[in-house]
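Since every read-out is calculated from the coordinates, none of them should be taken as a lab result. None of the values given here were measured: they were computed from a predicted structure. Positions of Cβ are generated from backbone atoms using ideal geometry, with glycine treated the same way; all protein chains shown enter the neighbour counts.
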Amino acid sequence: MKNFWEKLEKPFFVLAPLANVTDASFRQHIIRYSRPDVLWTEFVSADGLCHPVGKQALLQDLVFQENERPIVAQLFTAHPEKMREAAKIVAELGFDGIDINMGCPDKNVMKQGAGASCMKDPENAVALIQAAKDGVRDAGKDIPVSVKTRLGFNEDVLEEWLPKLLSAEPAALTLHARTKKDMSKVPARWERVKRAIEIRDELGSKTLIIGNGDVTSMAHARFRVAETGCDGVMFGRAIFGNPWLFDSARQGLTAETGGITVAEKIDAALVHTEMYLEHWQGRKSFELMKKFYRAYINNFPLAKELRAEMMEKKSFEEIKEIVEKFKREHPEVLSEISEAKYLL
Ligand SMILES: Cc1cc2nc3c(=O)[nH]c(=O)nc-3n(C[C@H](O)[C@H](O)[C@H](O)COP(=O)(O)O)c2cc1C
């Protein structure tokens, strides 16, 4: 039977795993506005998931709803046996796929030998992919295993690293076109995504290749597909303040061509807050939600002033009041088009 990756129409456009961002409430918020072809959870520690106490805490990061399918759970670890056990748990939870994080530069993750550190031990990376597949089989399931990685750790070692990963036959591979050392300081090297496709084709591999890095709009993503021949594009930071991202029709420069108005952006910030509170009230701090206001309440007249006021408030009711007041006092601003400008 075909797995969900094989059923996707190409090119496809997916929403990146973003720790402390793409949680269950965020994903519900996004799909109200536009629809990525695949969603990812935030990364989850496989080691933690195998621990009785850790498991209880981490299971809340693995909650999803049917309307999010296809949804992939992302795991990280350096230990194949933990990967196997965690993959079994994830497969039993009903996810459509499992993705292995082999690119995260977070110090806590790397010091465990996981994330970007996987690139330092290619044999173990292959063992992790195999272990995830074994875990899926242990669960009596048949869901695909994919990998998300970079060009290399300190240097671009795509020529050796990619064939090694492909030898383990992941169903898909996302290539964030930078090294770990680059962090996000240099532009993503999309010419290396093109090279990845060549390598894949030379090897006769069936793994789908998803390009990632600095893509800002659907038009931009389509350009990257045309340029490189990649099967899909992953968007990360461009989603901040722009839940319309995956709707090509909403990316115009005027209201007539689908441009997003200030009123829509402000309202999306409120809807996002409601969604957040509905899901997390009493469990996650309200302050964590407020970081998103920097992206929504941005790039229009008086945005800075409005944002500063919203940031000071302690409850949703107070924030709504401030927003309503702004709307009453500045009707002329509301119909202006405000392009998304991602931050971070
Ligand atoms: C806040 C934040 C959290 C991230 N969390 C994860 C994660 O959990 N797993 C992962 O593989 N990558 C993670 N990444 C990397 C993104 O998935 C993506 O590869 C990177 O942002 C480059 O894409 P972009 O230029 O479209 O943002 C994170 C990035 C950011 C900015």
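Take the residues of the stretch 148-174 that are within 22 Å of the chain's Cα centre (by Cα) and of a type in the set (G, A, S): which is farthest from C230 (Cα to Cα)?
Going through the qualifying residues, I end up with G152.
Give me a count of the residues in the stretch 151-170 that are closer than 12 Å to D121 by Cα and among the aliphatic types (A, V, I, L, M).
Count: 1.
So how many residues does the stretch 294-313 have that are of a type in the set (D, E, K, R) and surrounded by 14 or more Cβ atoms within 10 Å (Cβ to Cβ)?
4
Considering the stretch 81-108 alone, what residues qualify as being surrounded by fewer than 21 Cβ atoms within 10 Å (Cβ to Cβ) and more than 15 Å from G140 (Cα to Cα)?
Scanning the stretch 81-108 gives E81, P105, D106, K107, N108.
Among the residues of the stretch 172-181, is there at least one that is away from the ligand (no atom under 16 Å from the Cβ) and either surrounded by 24 or more Cβ atoms within 10 Å (Cβ to Cβ) or hydrophobic (A, V, I, L, M, F, W, C) (or both)?
Checked against the condition, which is being away from the ligand (no atom under 16 Å from the Cβ) and either surrounded by 24 or more Cβ atoms within 10 Å (Cβ to Cβ) or hydrophobic (A, V, I, L, M, F, W, C) (or both), the stretch 172-181 yields no hits at all.
State all residues of the stretch 236-275 that are part of a helix (DSSP H, G or I) and within 15 Å of A219 (Cβ to Cβ); if no residue qualifies, say none.
A238, S248, A249, R250 - these are the residues of the stretch 236-275 that are part of a helix (DSSP H, G or I) and within 15 Å of A219 (Cβ to Cβ).
Listed residues A131, A57; which is over 30 Å from P187 (Cα atoms) and crowded, with 23+ Cβ neighbours inside 10 Å?
The unique qualifying residue is A131.
Out of curiosity, is K206 farther than 16 Å from L39 by Cα and among the basic types (K, R)?
The answer is yes for K206.
Out of curiosity, is G54 over 24 Å from T207 (Cβ atoms), of a type outside the set (V, I, T) and assigned to a loop (DSSP other than H, G, I, E, B)?
No, not satisfied.
Return the residues of the stretch 314-338 that are closer than 18 Å to L288 by Cα and surrounded by 16 or more Cβ atoms within 10 Å (Cβ to Cβ); say none if nothing qualifies.
F316, I319, listed by residue number.
Being in contact (Cβ under 8 Å) with a residue 12 or more places away in the chain, within 16 Å of the ligand (Cβ to nearest atom), assigned to a loop (DSSP other than H, G, I, E, B) and among the aromatic types (F, W, Y), is that true of even one residue in the stretch 293-309?
So far as the stretch 293-309 goes, no, none of its residues is in contact (Cβ under 8 Å) with a residue 12 or more places away in the chain, within 16 Å of the ligand (Cβ to nearest atom), assigned to a loop (DSSP other than H, G, I, E, B) and among the aromatic types (F, W, Y).
Does at least one position in the stretch 153-171 carry a residue that is among the charged types (D, E, K, R) and either crowded, with 19+ Cβ neighbours inside 10 Å or within 12 Å of the ligand (Cβ to nearest atom) (or both)?
The answer is no, given that none of the residues of the stretch 153-171 is among the charged types (D, E, K, R) and either crowded, with 19+ Cβ neighbours inside 10 Å or within 12 Å of the ligand (Cβ to nearest atom) (or both).
Only residues that are β-branched (V, I, T) and surrounded by 20 or more Cβ atoms within 10 Å (Cβ to Cβ): list them for the stretch 23-46, please.
I30, V38, T41, V44
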